[in-house]
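Below is the structure I would like to discuss, written out as structure tokens.
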Amino acid sequence: MHLPLKGIRVISAEQYGAGPYGTMFLAQMGAEVIKIEPPGKVGPDGERRGGGDTARLVGPHYLRKGESTYFQAFNLNKRSLTLDLNSDEGQEILHKLVATCDVVANNLRGDLPERLGLTYDALESINPAIVCAHLSAYGRDNERAKWPGYDYLMQAEAGYCQMTGEPGGDPQRMGLSMVDFMTGTIFCIGLLGALVDARSSGKGRDVDTDLLSAAIHQTSYPAIWYMNDGDETQRTPRSAHPQATPSQMFKAKDGWMFVMCQLPKFWDILVERLERPDLRDDLRFADNPSRLANRDALTELLDAHFSEHTMAHWQELLAGHVPVAPVYELGDALDNPWLKTIGMRDEVQHPDKDDLQILASPIKFDGQRVPNRAAPLLGADSEDVLAELGYDQDAVAKLRANGTI
């Protein structure tokens with residue numbers, strides 16, 4: 001497959017989730033992504049400790065000691081270079097790399113890129129076209145630059161937790177770290193925009209995003225409603241849409257399902273396929289405002305109807321006619337045969353597991369999903385990357401001995 005980012009070289013000082021999630025898309029689209037990881041310290045016994053992206057240590061499942069399956073979720077298709085960016089030798093290697101690269105990315109704390117020489121000001125003289133992409137918790141240009149920050153904090157401060165869950169219940173975060181994933185994606189959009197310009201103009205730049213800004217931006221239309229009309233979106237029963245109804249979860253005989261009549265036509269189709277002319281003719285449900293005003297009564301009537309049969313029955317009756325989906329457990333969602341049909345599950349070879357199961361990229365080119373390979377072992381590409389820069393075996397051995405790599 002001809003991949004659109006083939007020939008683009010990215011070095012990324014990254015860790016954990018948001019940044020690595022974003023750069024993984026670049027790697028899957030053909031970019032060479034060299035992941036810079038701290039080499040750790042060599043103890044008195046000669047063993048190296050504390051090195052690598054902290055995601056390699058996130059349990060509970062491991063391929064070997066210090067190599068978690070969690071790490072595989074964010075680092076497919078990349079190369080790994082251990083490098084101490086705090087050392088003079090590490091900075092020398094960084095500068096040699098920058099001369100060969102298109103992008104320097106990082107998702108470090110907001111005050112660290114400048115200190116570690118990862119900004120455009122620091123690297124422009126080496127490569128005027130270099131794009132320096134930064135993803136931090138709160139940004140690099142304000143009083144919170146030194147604050148550590150994580151997805152869950154952003155869900156709390158951006159209002160997500162108060163908007164999530166049943167009315168009257170405790171605040172709830174999302175079940176997944178969606179702020180990390182959204183920010184990583186936005187990070188790559190900004191990075192690619194700057195890269196397009198740099199390749200035509202010959203001049204790079206800094207491009208920034210941060211977790212809190214991305215989280216706030218995703219409040220989207222409820223934010224517009226509040227800022228312009230003082231309308232503060234509240235929780236709704238059954239995770240219902242704040243305006244359209246019925247658009248919520250309902251009880252089938254054997255579990256829950258989500259039915260969405262976002263458009264008036266879907267209400268008409270729903271009552272027709274349910275063979276419920278009484279609902280169609282009931283003035284309480286004549287239009288969306290009426291249904292919204294009488295949502296509790298409508299929920300009770302539809303629950304009674306849906307509880308007569310299984311989710312599979314309702315899927316067969318409604319799917320393709322009315323937007324409907326079963327509310328799956330995670331295992332059911334991943335074992336869904338439909339994922340095989342569309343190719344969203346993949347298998348790669350890893351040194352410790354020949355059939356490592358992974359998720360495929362959601363992106364297709366020319367109708368095909370992009371190819372994957374397993375995330376690298378820590379430092380797996382250090383010697384090769386350094387050899388490409390002109391370091392011979394003796395020089396590499398010295399760098400390893402003094403803890404630079």
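The values are calculated or read from the model by the stated rules, or taken from the named source; none is laboratory data. Because the structure is predicted, anything quoted here is derived from the model rather than measured. Positions of Cβ are backbone-derived with ideal geometry, glycine not excepted, and every protein chain shown enters the neighbour counts. Side chains included, ligands, DNA and RNA excluded: accessible areas come from the protein's heavy atoms. Shrake-Rupley method; radii C 1.70, N 1.55, O 1.52, S 1.80 Å.
Among the residues of the range 301-311, write down those that are under 31 Å from the mean Cα position of the chain (by Cα) and either among the charged types (D, E, K, R) or surrounded by fewer than 16 Cβ atoms within 10 Å (Cβ to Cβ) (or both).
Scanning the range 301-311 gives no hits.
Identify, please: which residue in the range 158-196 is exposed (fewer than 15 other Cβ atoms within 10 Å of the Cβ) and either in contact with a Gly (Cβ under 9 Å, 6 or more places away or on another chain) or hydrophobic (A, V, I, L, M, F, W, C) (or both) and is, among those, farthest from ALA129 (Cα to Cα)?
Among those residues, the one meeting the criterion is PRO171.
Still on this structure, I have one more. Only one of ASP111, ASP102 is open to solvent by 10 Å² or more (accessible area, probe 1.4 Å) and more than 19 Å from LEU26 (Cα to Cα); which?
Every option except ASP111 fails the conditions.
Just to be sure, is ASP208 open to solvent by 70 Å² or more (accessible area, probe 1.4 Å) and either outside the structural domain of GLY149 (by the TED database) or more than 30 Å from SER290 (Cβ to Cβ) (or both)?
yes
Also, quick follow-up: Among the numbered criteria (1) modelled with pLDDT of 95 or more; (2) touching a Leu at 6+ places or on another chain (Cβ under 7 Å), which single criterion is violated by GLY51?
So GLY51 meets the others, but not (1).
So, ILE216, is that one β-branched (Val, Ile, Thr) and crowded, with 21+ Cβ neighbours inside 10 Å or not?
No; evaluated as a whole, the condition is false for this residue.
Scan the range 70-111 for residues that are among the small types (Gly, Ala, Ser) and over 27 Å from the mean Cα position of the chain (by Cα) and report the count. Walk me through it before giving the result.
Of the range 70-111, the ones among the small types (Gly, Ala, Ser) are 73, 80, 87, 90, 99, 105, 110.
Of the ones still in play, those that are also over 27 Å from the mean Cα position of the chain (by Cα) are 87, 90, 99.
Selection size over the range 70-111: 3.
Here's a follow-up. Could you list, in sequence order, all residues of the range 360-383 that are among the charged types (D, E, K, R), within 20 Å of ILE34 (Cβ to Cβ) and either in contact (Cβ under 8 Å) with a residue 60 or more places away in the chain or assigned to a loop (DSSP other than H, G, I, E, B) (or both)?
Correct list: ARG373, ASP381.
State which residue is surrounded by the most Cβ atoms within 10 Å (Cβ to Cβ) when the search covers only the range 344-369 and only residues that are within 18 Å of GLY22 (Cβ to Cβ) and out of contact with any Gly (no Cβ under 8 Å at 6 or more places or on another chain).
Residue satisfying both the conditions and the ranking: SER361.
Here's the yes/no breakdown for (1) part of a loop (DSSP other than H, G, I, E, B); (2) over 22 Å from ASP381 (Cβ atoms); (3) touching a strand residue (DSSP E or B) at 6+ places or on another chain (Cβ under 9 Å):
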position: PRO113; (1), (2), (3): no, yes, yes
position: LEU118; (1), (2), (3): yes, no, yes
position: ALA122; (1), (2), (3): no, yes, yes
position: SER125; (1), (2), (3): yes, yes, no
position: GLY139; (1), (2), (3): yes, yes, yes
position: ASN142; (1), (2), (3): yes, yes, no
position: PRO148; (1), (2), (3): yes, yes, no
